[in-house]
Every structure is written in structure tokens, then in C-alpha cells.
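Below: the structure, in C-alpha cells.
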Amino acid sequence: MTATRVLVLNSGSSSVKYQLLDMSDSSRLAVGLVERIGEETSRLKHTPLSTGETRETTGPIADHEAALKAVAEELAKDGLGLDSPELAAIGHRVVHGGKTFTQPTVIDDAVLAEIERLIPVAPLHNPANLTGIRTAQALRPDLPQVAVFDTAFHTTMPEAAARYAIDVKTADEYRIRRYGFHGTSHAYVSRATAELLGKSPEEVNVIVLHLGNGASASAVEKGRCVDTSMGLTPLEGLVMGTRSGDMDPAVIFHLMRVGGMSTDEIDTLLNKKSGLIGLCGDNDMREIRRRIDEGAEDAAQAQLAFDIYIHRLKKYIGAYYAVLGTVDAVAFTAGVGENAAPVREAAIAGLEALGLAVDGELNAVRSGEPRLISPEGARVAVAVVPTDEELEIADQTYALVRNGNA
Ligand code: ADP
């Protein structure tokens with residue numbers, strides 16, 4: 001029997017998201033998540049695609065090991081157990097691969113050590129990713145485990161884009177540079193956009209706008225990333241659900257000196273209490289649009305948050321247009337990019353001189369398929385391209401183990 005199944009694991013500090021895919025036809029067999037690991041009210045939600053019926057259990061799940069065991073038990077109930085010979089590999093989303101990991105990588109002790117060495121640049125994410133890997137290894141020590149890095153797609157950025165203009169020795173000593181994140185999504189969406197245009201990725205230049213709760217833009221030249229908006233950490237760049245994005249770094253000194261705030265307080269302020277939620281109290285674009293569209297009492301505040309969000313987005317579209325020189329497509333993706341027509345309309349408005357326009361009717365269509373929203377014959381395509389990070393991780397994982405490199 002050929003093993004064609006891949007389990008994709010995305011381990012956060014208190015959650016594990018997972019999907020089991022069959023790579024013979026890229027179909028999903030099961031999806032689910034465990035939340036609030038380590039609390040009394042942990043919750044496991046599991047959906048086998050054969051029935052589509054979600055099973056939900058609540059109760060204490062002490063740690064990642066217990067979480068993964070609970071997931072394995074749920075999968076076994078559907079005949080999809082992790083002991084199945086049909087399971088080819090486990091693919092792990094790993095947030096930070098630094099400069100080292102430019103490709104998906106089969107995990108061995110040296111790889112684990114390197115992911116660990118990168119913890120200082122990803123203190124929130126890499127430890128959780130490592131826990132997920134070690135737990136999965138304990139469960140199936142014989143199975144190849146592959147790390148797919150959020151940063152890998154961006155490692156092609158030229159030094160001119162990747163370096164900050166600070167003292168080189170200091171930057172190198174502390175590994176300070178722009179790494180970028182959401183790389184799996186930018187890779188998938190830029191390729192899918194080329195496909196939508198009937199071209200190969202090497203034939204097109206694409207600006208990808210990944211607008212979820214976290215948000216980032218990338219400039220992709222002939223299939224290679226040449227710039228992206230997130231930096232050393234995911235804080236830089238666009239206005240996000242709860243992150244400020246770009247800001248004069250001196251704001252931090254000011255908050256320390258004049259505001260008497262601690263490093264941790266400022267970290268929390270900029271990562272968790274800024275962006276849309278800081279500006280108007282909501283980080284969900286649906287709620288912000290509702291307040292604006294219904295003329296709610298506090299609509300002006302929501303409108304200002306929306307305007308700041310769009311202004312930043314537009315600046316990045318312009319910047320990446322200049323970085324690329326010629327642009328074949330601008331692609332919107334992730335929760336906001338795929339669903340919020342007003343955001344797409346406002347971000348592209350006024351850019352006709354750059355060959356960019358959105359057709360109102362096409363933009364209003366709701367669909368889960370990649371589609372064009374620019375008027376027919378437009379010089380630059382504007383597209384909505386749903387992202388699929390799990391499929392991309394499964395694809396990359398399977399490609400690696402199928403070719404016998406594991
Ligand atoms: P992440 O993976 O970063 O958590 P997603 O890509 O799932 O985020 O996007 C989540 C965000 O998408 C929500 O916070 C919400 O703002 C936005 N969103 C989802 N559906 C809609 C919709 N129909 N209209 C506008 N925004 C939406």
C-alpha cells in the first residue's frame with residue numbers, strides 16, 4: 001500500500017490545529033483543533049469529512065502530549081488512526097526558520113537544535129512548535145516529520161530589502177533582519193494567482209495581500225519573494241487586527257521615558273492592543289463594517305480605523321509596485337482579503353493610473369474559488385485567491401517524503 005496521507009500540525013502555545021489530508025487527490029479527511037490546552041476548559045473540535053459532523057469535547061487537557069493523544073483517539077474513531085500504514089508523514093508549521101531554513105526540511109536532531117537556537121527571535125512561537133514536533137515524534141518515532149517554515153519563502157529577499165539600516169555589527173550579533181512571515185500563504189497564493197492568469201509563476205510579478213487577523217504584503221517577482229512587510233517579528237508592516245504595524249520606533253523610547261512603561265507592557269500594547277482593536281475597539285472587519293454601514297453611534301471611530309487600515313494598505317501596494325517595476329496581478333487573500341469587498345474596493349480606488357481597478361459587480365460576488373475582480377482587459381489583474389496553508393504544508397511535506405529524501 002502506498003502511504004499517501006499527511007497530518008498537518010500547527011501547534012501554538014495553548015492550541016493545536018490539525019488537518020489530515022490524502023495527497024493522492026489533495027482531499028481533506030479530517031480537520032480539527034484543540035484549544036485552551038493546560039486549562040480546565042480545554043476543548044477539542046474534530047470533524048471527519050466523511051460525515052462532516054463535528055464532535056466537540058470539553059474538559060481538562062493538560063499539555064500538548066495529552067492534546068495530540070486525544071486527537072489520535074478521535075482520528076482512530078473514524079478509521080484514520082495515526083498508527084495507520086497509510087500515514088506517510090507529519091508536516092509541522094514552524095514559524096521561524098531564520099536564515100538557515102530556506103526549504104521544507106525533514107526533522108532530525110540537528111534541525112530541532114537549530115529551531116531551538118532561533119527561539120530568541122521567535123520567543124512566542126518556536127517553543128510551541130518544538131513541543132508539537134517532539135510530541136508527534138514520541139507518538140510515531142518511525143515516521144518522517146517535516147518542518148515547513150513561515151519564513152522560508154522570504155529567504156530569497158535581496159539584502160537591500162532584508163536588512164534594516166542599522167549598525168551592521170549589532171544587527172549581525174543579534175540576528176536582526178527582516179525575515180517575514182505568512183510565507184506558506186504568500187507562496188501558495190502567488191502560485192495560484194499565476195495559475196488563474198494561465199501563466200507559470202516564473203512569468204508573472206504579483207503583489208500578495210494576506211489580510212487576516214495578522215496581515216502582510218509581499219512582492220513576488222517571477223515566483224520569488226523580493227520584499228515583504230513583516231520583519232524581525234510579525235509586528236512590522238500593515239495595520240492588523242491587534243498589531244500596530246509600521247511606526248516610528250522612537251514611540252517606544254517615548255513610552256518608556258515619558259510614559260514609564262515597561263518593555264513587556266509596550267510589547268503587549270503594540271502586539272495585542274493596537275491595530276484595529278486599539279483604534280476602534282473591534283478587530284473583526286465584519287463588525288467594523290457593520291458599525292460604519294449601519295451608521296452606529298460610534299461609526300466615526302470605526303470609519304477612522306478603516307481609513308487608517310486602507311491608507312497603509314495602499315502605501316504598500318504603491319511601494320511594491322515600485323519595487324517590482326511591472327505588476328501582473330494584485331491578489332487579496334485570508335479572512336479579510338477573501339471576504340471584505342469594501343476593503344478591496346477602497347484599497348484599489350484611485351490607482352487607475354497604475355492600471356489597477358476593481359469591477360463593482362465582480363467584487364461583490366461571494367465565492368470560495370480564485371477569481372478576478374478587475375474589469376475585463378485591465379492592464380493589471382486584481383484577484384481574490386483563497387489561501388490554503390494546510391494544503392501547501394501537506395504538499396511540501398509529501399513532495400519531500402515521496403521523493404525518498406526522508
Ligand atoms: P488568522 O488566520 O490571522 O486568524 P483569518 O485569515 O482567519 O485570520 O482572518 C480572520 C479575520 O477575517 C477576522 O478577524 C475578520 O476580521 C475577517 N473576516 C472573516 N470573515 C469576514 C467577512 N465576511 N467580512 C469581513 N471580514 C471578515
For n ≥ 4 DSSP H runs only, could you compute -39500 (n - 2.57) per run for the chain, divide by its residues and tell me the 222 nm figure to the nearest 500?
-11000 deg cm²/dmol
Tail fraction, Cα-Cα pairs, the range 270-406, threshold 20 Å, whole percent:
56 percent
Whole-Hz ³J(HN,Hα) from phi, Karplus 6.51 cos²θ - 1.76 cosθ + 1.60, for the range 368-379, glycine and proline x
x, 9, x, 7, 8, 10, 8, x, 4, x, 4, 5
Alpha-carbon spread of the range 262-305, three principal axes, descending order, Å
39, 15, 11
Between the helical axis of 64-77 and the dominant principal axis of the chain, each derived from Cα atoms, what acute angle in degrees is found, rounded to the nearest 10?
70 degrees
Listed here are the pairs Lys17/Lys315; Lys272/Lys315; Lys17/Lys199; Lys222/Lys315; Lys272/Lys314; Lys273/Lys314; which of them are more than 29 Å apart at the Cα?
Lys17/Lys315; Lys17/Lys199
With +1 at each Lys and Arg Cβ and -1 at each Asp and Glu Cβ, the charge dipole magnitude of the chain around its Cα centre, to the nearest 20 debye, comes out at 520 debye
Expressed in whole Å with the largest first, what are the equivalent ellipsoid semi-axes of the range 360-406 derived from the C-alpha gyration tensor as the square root of 5 times each eigenvalue?
35, 12, 6
Kirkwood hydrodynamic radius of the range 228-281, Cα pairs, Å
11.3 Å
Could I get the Rg over Rh figure for the range 61-124? Both from C-alpha atoms, Rh via Kirkwood, rounded to two places.
1.06
√(5λ) per eigenvalue of the Cα gyration tensor, the range 1-114, largest first, Å
24, 21, 11
Provide, for q = 0.10 Å⁻¹, the log10 of I(q)/I(0) from a solvent-free Debye sum over equal Cα point scatterers in the chain.
-0.72
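Only the coordinates and a few stated rules stand behind these numbers; no lab work does. Because the structure is predicted, anything quoted here is derived from the model rather than measured. Positions of Cβ are generated from backbone atoms using ideal geometry, with glycine treated the same way; all protein chains shown enter the neighbour counts.
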